[in-house]
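Nothing in this text is a laboratory measurement; each read-out follows from the coordinates by a stated rule. Remember, it's a predicted structure, so these values are computed and weren't measured experimentally. All Cβ positions, glycine included, derive from the backbone under ideal geometry; neighbour counts span all protein chains shown.
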Amino acid sequence: MKKAILSIGICLFSITAFSQTSNTDAARPSQAAPERMHRQKQMQSVEKRAKEYTNELKNVLNLTDDQYSKIMAVNTECIKRKDAVRQSGGDNASGFKEIAQYRRQQFQTILTPTQMQQLKNYQMTQSDNRARAPQGGNQPNGNNGE
């Protein structure tokens, strides 16, 4: 019983210590930065995450205002679906594949063939960058849009 109470006390102390140091560590770059960024993205609202990704695509693909609004709607829908799959605890792989397929189909109707090629190149570059990133902790899962 004493060991259990001691273990709980140590866990609570550790949580408190980590929560206090996380704010000061945020200003300093570290190898844990990708993990921290991923955790922060999970806590952001669906709309904010969709807007961030859509803004990235706007810069990369030179989207028109009409394309931007349509891509924003697709990204918002996909992020909502991904969050639902994560919360369901079911087969995440097949759920994410369906979402990626839906996004790809929607993008093909919105983007020009040249923009689609630019998107593929951009996604490959992002994938390569993730593969080269230092491994550790929870890395982003590689799904676009988050």
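At a temperature of 37 °C and a viscosity of 0.692 mPa s, determine how fast the range 46-124 diffuses translationally according to Stokes-Einstein, using the Kirkwood radius over alpha-carbon pairs as Rh; express D in µm²/s, rounded to the nearest whole number. Here the translational diffusion coefficient equals 252 µm²/s.
Between ASN62 and ARG86, the FRET efficiency estimated from the beta carbon spacing at R0 = 35 angstrom works out to 0.65.
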